[in-house]
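Since the structure comes first, as structure tokens, the remarks are kept for the end.
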Amino acid sequence: MNKAENCEKNINASGEVTGFGKKSGIIGIVGFGHLGSSLAYPLVKNGYPKEDLLIAHKGSALTRERAVGMGLDRALVDARTLMSSADIIFVATRPQDVLSLPVSSVKRGALVVSCMAGLPLDLLNDIFGGPVCRMMCSGPDTILEGRGAATLFPANERIEALLRRIGLSIMPVSAEEELDSFTVGICIPAMLLNIPTPSDEVKEAMDLMEANYPVYGPLRDWVCELVPPNDAEKITEGRGERLANVSTKGGITEAMTTSLALGASFAAALLRGMERGREITDDIRKSVMDSVKLAG
Ligand SMILES: NC(=O)c1ccc[n+]([C@@H]2O[C@H](COP(=O)([O-])OP(=O)(O)OC[C@H]3O[C@@H](n4cnc5c(N)ncnc54)[C@H](OP(=O)(O)O)[C@@H]3O)[C@@H](O)[C@H]2O)c1
């Protein structure tokens, strides 16, 4: 299903997304950095009541200014208040900060949605003491442009509907490994914008991924919309600059672009991205377990 179809039922005559209704309850966003703020902005822009939104961050003055600039000063609360009041809690902190959250305060019956890349479900369920839903989404720029893509595992209709209303295309996955493959897939536009790649090589790689992970069907359409195949072969201008904007040191995009630069095929670079994702998860698991042991 494409984005237009996703949003069709929720767009009024003025082109605004409507219909959050009372069912959404209080939404809390813990972590108001790049991702957290990029989720809050379209919510408010599309009519989600500011008084039903709570946001919490660690204390940076810059982050506070960002929230105030968005007219969200009254939504700012401490993380404990947010966790004990919100019905839906988006966790948009970095994975290494998860243990600093007051997880025992989570309101009974609240839905916790982890946006933290690399933190696996079993660990999240242990940390939060109950079922958590993992969400992976494309970068803040695409979300703010209304061209974002996301997936949830396990699937959750209520959250999916909410995300559709703020313009994200939802792409279903049937296993956590497929969500991890999606994490690699959303890095593809950045690679194509930085390293000119023949269309047939990209197609071959996408075919290979789709054979194992059906989410690469809709993901392929999304990639083609952002970087049309013919452009992918030509784009060279501003390469370094663009890559610096999207590539985290030691992250998945960097692993894939390095692999390509060293002469690997596009397909091999995607597999390297999957491998790097597993390495990151192992590192996070180890550091979380070490912190728990120290605290115990
Ligand atoms: N950026 C992306 O493209 C992207 C895409 C998909 C998923 N993600 C995932 O989203 C998460 C956030 O990434 P990001 O790029 O938005 O990071 P970021 O810009 O560094 O933002 C992290 C936020 O977490 C807040 N924070 C840290 N500890 C906290 C605590 N104990 N209580 C409340 N807030 C706390 C920080 O507060 P202060 O501002 O006060 O320091 C900051 O606002 C990561 O797990 C990442 O894997 C990111």
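Table for the structure above
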| quantity | calculated |
| --- | --- |
| Area accessible to solvent at residue 224, 1.4 Å probe radius, in Å² | 60 Å² |
| Residue-averaged [θ]222 nm for the chain, counting only DSSP H segments that reach four residues, each worth -39500 (n - 2.57) | -15000 deg cm²/dmol |
| Rg over Rh [alpha-carbon atoms, Kirkwood Rh] for the chain | 0.96 |
| Net +/- balance of residues flanking residue 153 in space, Cβ distance below 10 Å, scoring K and R +1, D and E -1 | -3 |
| Relative contact order computed over the chain (Cα-Cα under 8 Å; 6+ residues apart), in percent | 15 percent |
| In degrees, nearest ten, helix 34-45 long axis to first principal axis of the chain (Cα) | 70 degrees |
| Euclidean distance of C-alpha centroids, region 108-129 and region 144-187, integer Å | 16 Å |
| Among 84, 174, 60, residue whose mean-square fluctuation peaks in a GNM of the chain (springs only between Cα atoms under 10 Å) | 60 |
| Accessible surface of residue 122 - all protein chains present, 1.4 Å probe, nearest 10 Å² | 80 Å² |
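The values are calculated or read from the model by the stated rules, or taken from the named source; none is laboratory data. Computed from a predicted structure; not experimentally measured. Reconstructed Cβ throughout: ideal geometry from the backbone, glycine too, with neighbour counts over all protein chains shown. Note: accessible area is taken over every heavy atom of the protein model, side chains too, but ligands, DNA and RNA are not part of it. Shrake-Rupley method; radii C 1.70, N 1.55, O 1.52, S 1.80 Å.
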